[in-house]
1. Scan segment 14-29 and tell me whether some residue there is surrounded by 11 or more Cβ atoms within 10 Å (Cβ to Cβ), in contact with a Lys or Arg (Cβ under 7 Å, 6 or more places away or on another chain) and part of a helix (DSSP H, G or I).
2. Can you pull out every residue in segment 29-72 that is aliphatic (A, V, I, L, M), out of contact with any helix residue (DSSP H, G or I) (no Cβ under 9 Å at 6 or more places or on another chain) and farther than 22 Å from A7 by Cα?
3. Tell me which residues, restricted to segment 46-61, are assigned to a loop (DSSP other than H, G, I, E, B) and either under 14 Å from the mean Cα position of the chain (by Cα) or loosely packed, with under 10 Cβ neighbours inside 10 Å (or both).
4. Which residue, of A64, A10, is part of a helix (DSSP H, G or I) and touching a residue at least 24 places away in the same chain (Cβ under 8 Å)?
5. Write out, first by first residue and then by second, each pair whose Cβ atoms fall under 7 Å of each other, whose residues are 6+ apart or on separate chains, and whose first residue, in segment 33-45, is loosely packed, with under 10 Cβ neighbours inside 10 Å while the second is assigned to a loop (DSSP other than H, G, I, E, B) and modelled with pLDDT of 90 or more.
Amino acid sequence: MLGAAGAVEAIVAALSLKHGIIPPTAGLRSPDPACDLDYVPLTARPADVRLALSVSLGFGGHNACLALRKEP
């Protein structure tokens, strides 16, 4: 699955744009209150998602970035 992780992430980003949801962060149950970020811990959150960025960092410097935009 490691080799296909970038493709899976890109598919999740595209589905997020299509369905208007932000998927939850896997494994995050209770965020640290001292860290002031907008987490999505347990369940997906509906949102007007218009842009998504998928960044994949690979071994040996094989890196890729995919920017997706929902057409109006």
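1. Yes, segment 14-29 has at least one match.
2. A34, L37, L42
3. Passing the criteria: A47, D48, V49, R50.
4. The unique qualifying residue is A10.
5. So the pair list comes out as T43/P24.
The values are calculated or read from the model by the stated rules, or taken from the named source; none is laboratory data. The structure displayed is predicted, hence computed values, not measured ones. Reconstructed Cβ throughout: ideal geometry from the backbone, glycine too, with neighbour counts over all protein chains shown.
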